Amino acid sequence: MKKISLAIAIAATAVSGLAFHASAEPVDEQLFIDGQEMISRAPAPEGHPFDEVLSGWLFREAETRAAEADSFANPGMLDVERGEEIWATVEGSAGKSCASCHNDAAETMKGVGARFPKWDADAKRPIDIELQIDKCRVDNMGAEAYKFDADEQKALTAYIKHQSLGMPVKLDLSEGEMQSWWDKGKDVYYTRTGQLNLSCASCHEASMGKYIRADHLSQGQVNGFPTYRFNTGGLVSIQNRFRGCIRDTRAEMPKAFSDELLALEVYVTWRGTGLSVETPAVRQ
Ligand code: HEC
Ligand code: HEC
């Protein structure tokens with residue numbers, strides 16, 4: 001009897017290919033970035049599966065947490081500086097830079113990163129910061145859209161979001177058809193896919209707090225994106241992170257900025273309502 005159940009247990013692990021280990025509480029600490037207090041725990045909005053939304057920072061190792069708390073130790077801040085240079089660089093046939101129209105980002109972009117994705121009436125779909133940058137480059141500068149995950153795209157996105165550091169995430173779902181995109185994103189979030197038959201919720205909701213390999217599973221929040229990752233040595237965009245998680249379930253990865261990933265970005269951003277923008281957060 002014993003032998004048989006052991007064989008079944010082994011087969012089950014082989015099928016899932018993943019083992020969830022013992023769980024641990026997120027740390028009971030307060031995040032200050034250069035002395036500025038961040039909201040890393042917030043009461044969840046109505047209709048949320050959790051009572052409290054938690055920043056991914058609370059789930060990371062002490063060293064990683066320390067690197068995010070100090071701008072000089074945060075390697076992602078170099079990309080933010082690069083973003084500041086791009087902001088002021090003239091490009092395209094109109095002879096303009098971002099600064100030509102938007103002046104000082106510290107004033108004009110403050111709060112913007114906390115309320116994207118937002119409804120875009122021209123495109124009749126939500127746009128995120130990356131798509132807004134492309135829109136301005138194409139329509140207002142006569143420049144080309146960036147290739148997905150171009151270094152410039154990540155740096156400029158991080159620079160814009162960093163102007164909202166500490167501000168609570170809040171989407172306007174009343175604009176246009178935002179609500180139906182939220183619904184679609186929720187569907188995607190709970191749909192099991194891939195050979196491993198897992199949904200986002202299987203890991204970030206049902207197994208939140210557990211360990212998977214060496215990783216402490218968080219709620220999968222996006223308030224720190226683009227994040228700096230030590231293991232790849234650079235910034236990671238929201239949609240690249242989504243694609244990576246989907247690949248880990250051994251499912252086919254949807255294209256960047258596809259309806260599926262954009263809807264997911266709307267929904268997952270909402271799941272972090274009330275958390276401070278932490279861009280650029282630091283991860284292992
Ligand atoms: C010729 C002027 C012009 C230039 C140059 C320009 N923009 Fe814009 N930008 C606008 C206008 C007008 C809007 C508002 C309408 C819209 O969304 O397109 C806007 C909107 C935005 C927004 C959304 C702001 C909000 O409050 O929701 C962001 C972010 C932005 N631009 C970033 C950039 C970046 C980054 C660049 C450089 C790559 C840039 N813009 C270049 C004119 C410009
Ligand atoms: C097999 C388990 C698994 C599945 C399924 C999964 N993820 Fe993840 N995800 C992880 C792990 C492990 C990490 C790294 C540790 C952490 O931050 O939770 C992670 C990290 C993230 C992060 C970064 C969080 C941060 O604070 O930096 C986001 C965002 C995310 N996942 C979103 C998603 C979305 C959206 C889906 C569904 C498309 C998904 N994940 C599916 C395992 C998973």
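The values are calculated or read from the model by the stated rules, or taken from the named source; none is laboratory data. Every value quoted in this text rests on a predicted model; they were computed, and no experiment measured them. Quick reminder, even Gly has a Cβ in these numbers, built from the backbone with ideal geometry, and neighbours come from all protein chains shown.
Only a single criterion out of (1) hydrophobic (A, V, I, L, M, F, W, C); (2) away from ligand 1 (no atom under 12 Å from the Cβ); (3) under 19 Å from residue 273 (Cβ atoms) is not satisfied by residue 119, namely (2). Determine whether the range 96-110 contains at least one residue that is within 16 Å of ligand 2 (Cβ to nearest atom) and not in a loop (DSSP other than H, G, I, E, B). No, the range 96-110 has no match at all. Figure legend. Inter-residue proximity from the range 205-219: first residues on the phi > 0 side of the Ramachandran plot, second residues assigned to a loop (DSSP other than H, G, I, E, B) and at pLDDT below 95, beta-carbon distance below 9 Å, spacing 6+ or different chains. Indicated pairs: 209/24; 209/25; 213/18; 213/19.
Applying the criterion of being of a type outside the set (Gly, Ala, Ser), in contact with a strand residue (DSSP E or B) (Cβ under 8 Å, 6 or more places away or on another chain) and outside any loop (DSSP other than H, G, I, E, B) to the residues of the range 67-90, the residue that is farthest from ligand 2 (Cβ to nearest atom) is 79.
With a cut-off of at least 2 residues that are within 21 Å of residue 130 (Cα to Cα), name the strands (runs of 3 or more DSSP E) lying wholly within the range 176-278.
Values: elements: 210-212, 227-229, 234-236.
It comes to 227-229, 234-236.
Residues in the range 47-66 that are away from ligand 2 (no atom under 12 Å from the Cβ) and assigned to a loop (DSSP other than H, G, I, E, B): 47, 48, 49, 50, 51.
Screening the candidates 269, 249 for the property of being in contact (Cβ under 8 Å) with a residue 12 or more places away in the chain, over 23 Å from residue 58 (Cα atoms) and not charged (D, E, K, R) yields one hit, 249.
Considering every residue within the range 236-249, establish whether at least one is farther than 21 Å from residue 181 by Cα, within 12 Å of the chain's Cα centre (by Cα) and among the charged types (D, E, K, R). No, the conditions are met nowhere in the range 236-249. Determine whether residue 243 is surrounded by 21 or more Cβ atoms within 10 Å (Cβ to Cβ), among the charged types (D, E, K, R), near ligand 2 (Cβ under 10 Å from one of its atoms) and closer than 27 Å to residue 19 by Cβ. Considered against the rule, which asks whether it is surrounded by 21 or more Cβ atoms within 10 Å (Cβ to Cβ), among the charged types (D, E, K, R), near ligand 2 (Cβ under 10 Å from one of its atoms) and closer than 27 Å to residue 19 by Cβ, residue 243 comes out as no.
Looking only at residues of the range 71-80 that are touching a helix residue (DSSP H, G or I) at 6+ places or on another chain (Cβ under 8 Å) and closer than 18 Å to residue 151 by Cα, we find that the one that is surrounded by the most Cβ atoms within 10 Å (Cβ to Cβ) is 76. If I ask for residues that are away from ligand 1 (no atom under 16 Å from the Cβ) and surrounded by fewer than 17 Cβ atoms within 10 Å (Cβ to Cβ), which ones from the range 169-192 would you list? Within the range 169-192, 177, 179, 180, 183, 187, 190, 191, 192 meet the criteria. When only residues in the range 187-216 that are under 10 Å from residue 21 (Cα atoms) and basic (Lys, Arg) count, which is modelled with the lowest pLDDT? Here the residue is 213.
Looking at the range 137-166, which of its residues are in a loop (DSSP other than H, G, I, E, B) and on the phi < 0 side of the Ramachandran plot?
Quick first cut of the range 137-166, residues in a loop (DSSP other than H, G, I, E, B) only: 142-150, 163-164, 166.
Answer for the range 137-166, where residues must be in a loop (DSSP other than H, G, I, E, B) and on the phi < 0 side of the Ramachandran plot: 143, 144, 145, 146, 147, 148, 150, 163, 164.
Selection of the range 123-160 for residues being surrounded by fewer than 20 Cβ atoms within 10 Å (Cβ to Cβ), of a type in the set (S, T, N, Q) and in contact (Cβ under 8 Å) with a residue 24 or more places away in the chain yields only 140.
Here the range 88-122 is the region considered, the condition is being of a type in the set (A, V, I, L, M, F, W, C) and more than 22 Å from the chain's Cα centre (by Cα), and the residue that is surrounded by the most Cβ atoms within 10 Å (Cβ to Cβ) is 98.
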